[in-house]
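All remarks here apply to the structure that follows.
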Amino acid sequence: MKAAVLVADEKIEIQQCPEPSPGPGEVLIAPAYASICGTDQHVFAGEFAGRVAYPLIQGHEFSGTVAAVGAGVSDLAEGDRVTVDPIVPCLRCPACLMGRLSGCQRLKLLGVDLPGAFAGRVLASARSCFKVPEDLSLRHAALTEVYAIGCHATRRAQVDPGDVVVILGAGKLGQCVLENVRRTAARLVVVTEVVPERLQTARDLGADVVIDVGREDPVRRVAELTEGAGADRVIEAVGHARLVGPNPTEPMTQAAQMVRPAGRVVVLGQGPVPAPILFKPFVWKEAEIVASRVTLGEFPRALAMLAEGRFHPDRLITHQLPLDRAAEGFCILADPAERALKLLLEIEPPSEEIAPDTNPLPFRERAG
Ligand SMILES: [Zn+2]
Ligand SMILES: [Zn+2]
């Protein structure tokens, strides 16, 4: 099989590799589309030294078709269209034993700790596979995980009817959080961002207010919008913060200042640099800070929402390349001038699948 193999830091080669065969409980999948995720970029850049071993086949956000099933697999068959939860929790650590699999400290991730989907074939455990509904394309289904991560963060936020929710950052994850929050009964959804195209996308996807942090102080604006009360929920989806504008402060410091007393802040970003935060506002407000990592049972929800056209994956996919050009894909994502959100690699896409943007943008009239 053909595979995009990471052979050294920032070096991908297209190679012919032996095809794996499914063991008991496993499924062999022919990936159709796989997206390059932020984690893949960090691995590619060599930031996972000590965890990953080269040569590595990356890729954990993907869809595909079952090519073969191993012994004991009865609910999947050759030809089934699937997407895969790439998380393999240990099931033995304290977090796992409490059912909090997303907090597992020994979890393995397809495409990082195990061979991934940037290849003609990939192995997955049958229990990690989710059948793709008939009316959902494999192209859109490849984004199930990132929407599920947005869904998980939204559930961690426990948005109540009438809440004011602020989403810090409108990158791929911020947009997926927005798509999920927009489906709650939040009264006002505010998005902060610095890249103009991303602000526009957030507006199109139904943000009631977008704040360009390069021009405006988001803390002050949120105070104005809430008449000084503060935001009920703040979801930090910035990751790598670039401090700009009239209030160039760390996102979590902004969150501490924005959140209302007894409000809740959800942290998603995994920037590699320590960020100084003054905790006094959190303490004075007795606000909650909650982390959100990967997913915990949100795959079926995300798949159903995608199938019903409630998300707008074509707004997320900004680039698409054949697998042979995987290395170029990483360069595109690293170049701010490309204004990339999601980049899909075509591995074995179904020939009949074309990708019209069929989902209307139902909240456009509310954007302002
Ligand atoms: Zn990912
Ligand atoms: Zn565990």
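The values are calculated or read from the model by the stated rules, or taken from the named source; none is laboratory data. Model, not experiment: these values are computed from the prediction. Don't worry about glycine lacking a Cβ; one is built from the backbone with ideal geometry, like all the others, and counts go over all protein chains shown. What goes into the accessible areas is simple: the full protein's heavy atoms, side chains included, and nothing from ligands, DNA or RNA. Shrake-Rupley method; radii C 1.70, N 1.55, O 1.52, S 1.80 Å.
Annotations for the structure displayed:
- Qualifying positions in the stretch 211-246 - surrounded by fewer than 23 Cβ atoms within 10 Å (Cβ to Cβ) and part of a strand (DSSP E or B): Asp212
- None of Glu47, Glu19 is open to solvent by 40 Å² or more (accessible area, probe 1.4 Å) and under 20 Å from the mean Cα position of the chain (by Cα) except Glu47.
- Selection status of Ser102, under 19 Å from the mean Cα position of the chain (by Cα), open to solvent by less than 20 Å² (accessible area, probe 1.4 Å), within 16 Å of ligand 2 (Cβ to nearest atom) and in contact (Cβ under 8 Å) with a residue 60 or more places away in the chain: yes
- Applying the set (1) on the phi > 0 side of the Ramachandran plot; (2) surrounded by fewer than 18 Cβ atoms within 10 Å (Cβ to Cβ); (3) touching a residue at least 40 places away in the same chain (Cβ under 8 Å) to Ile14 leaves exactly one unmet item: (1).
- Test: residue in the stretch 116-132 that is farther than 27 Å from Gln15 by Cα, more than 16 Å from ligand 2 (Cβ to nearest atom) and either crowded, with 24+ Cβ neighbours inside 10 Å or of a type in the set (Lys, Arg) (or both): yes
- Evaluated against (1) in contact with a Gly (Cβ under 6 Å, 6 or more places away or on another chain); (2) buried (at least 16 other Cβ atoms within 10 Å of the Cβ); (3) modelled with pLDDT under 95, Val259 falls short on exactly one condition, (3).
- Residues of the stretch 50-84 classified as open to solvent by 30 Å² or more (accessible area, probe 1.4 Å) and under 24 Å from Gln270 (Cα atoms), total: 4
- When residues of the stretch 288-312 are limited to those that are in contact with a strand residue (DSSP E or B) (Cβ under 8 Å, 6 or more places away or on another chain) and assigned to a helix (DSSP H, G or I), the one nearest to Pro133 (Cα to Cα): Leu303
- Counting only residues that are out of contact with any strand residue (DSSP E or B) (no Cβ under 9 Å at 6 or more places or on another chain) and on the phi < 0 side of the Ramachandran plot, the stretch 72-105 holds 10 of them.
- Boolean, Ala8 is in contact with a helix residue (DSSP H, G or I) (Cβ under 6 Å, 6 or more places away or on another chain) and either modelled with pLDDT under 95 or hydrophobic (A, V, I, L, M, F, W, C) (or both): no
- Candidate set: the stretch 337-368, residues that are assigned to a loop (DSSP other than H, G, I, E, B) and over 20 Å from Asp204 (Cα atoms); chosen: the one modelled with the highest pLDDT: Ile347
- Failed item in (1) open to solvent by 50 Å² or more (accessible area, probe 1.4 Å); (2) farther than 22 Å from Ala153 by Cα; (3) within 10 Å of ligand 2 (Cβ to nearest atom), with Pro94 passing the rest: (2)
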